[in-house]
Amino acid sequence: MTSTHTARPNGERAHTGSKSAAISNMIVQTMSEYTGRGPTKARTHLLDEVVTVVLQDTLTRGERSLVHEGREDLVLDMRKGFQVAMRHDFVAGVEEILGRKVAAFMSDNHIEPDVAVEVFVLASEQRAAPERAC
């Protein structure tokens, strides 16, 4: 269900393992708890201070019915509501998994194709100032 990788500076992809997988799984599980159904595919990309989670097949049966009836705007509005409701859990989960603070979180959905993106911008890592010799 989930797959993960990190882009390297030279453009190659490398499997990142447990942290990316943990983020993908946390996002899918949280969405399932809030909406009754999680996405069937999730891929987490980690690059420097940016974490991007791309989700596919996110819509519930009811939402798909509304889309079929031409109510895409209603579905997108509902999804925005879920994103606001899930925000705290998403941010807390990423912070716990990575051990870093999230400075910003953005989220959006697309109907056709059925894709959602969760983006986390991490706060700068604080480095200890070098000690001065007296």
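The values are calculated or read from the model by the stated rules, or taken from the named source; none is laboratory data. What you see is a predicted model; the values in this text were computed from it and never measured. When we count neighbours, we look across all protein chains shown, and the Cβ atoms used for this are built from the backbone with ideal geometry, even at glycine.
On the stretch given as the stretch 79-118, residues that are surrounded by 13 or more Cβ atoms within 10 Å (Cβ to Cβ), farther than 15 Å from Thr58 by Cβ and not small (Gly, Ala, Ser) total 11. Exactly one residue out of Val94, Val84, Val117, Val75 is in a helix (DSSP H, G or I) and out of contact with any helix residue (DSSP H, G or I) (no Cβ under 7 Å at 6 or more places or on another chain): that is Val84. Which condition number does Ala133 fail, the rest of (1) at pLDDT below 95; (2) closer than 15 Å to Val28 by Cβ being met? Single failed check for Ala133: (2).
Report the residue count in the stretch 53-67 for those that are outside any loop (DSSP other than H, G, I, E, B) and under 16 Å from Ser107 (Cα atoms). Working first, answer last.
If we filter the stretch 53-67 for residues that are outside any loop (DSSP other than H, G, I, E, B), which is where we start, we get 53-56, 61-67.
So of that shortlist, the ones also under 16 Å from Ser107 (Cα atoms) come out as 53-56.
Qualifying residue count, the stretch 53-67: 4.
Checking the stretch 38-52 against the condition returns a match, with at least one residue being surrounded by fewer than 16 Cβ atoms within 10 Å (Cβ to Cβ), assigned to a loop (DSSP other than H, G, I, E, B) and among the charged types (D, E, K, R). Of all residues in the stretch 1-38, those satisfying the criterion of being farther than 14 Å from Thr58 by Cβ, at pLDDT below 50 and hydrophobic (A, V, I, L, M, F, W, C) are Ala7, Ala14. Candidates Arg37, Arg61, Arg43, Arg71: the one that is basic (Lys, Arg), touching a His at 6+ places or on another chain (Cβ under 8 Å) and over 15 Å from Ala123 (Cα atoms) is Arg43.
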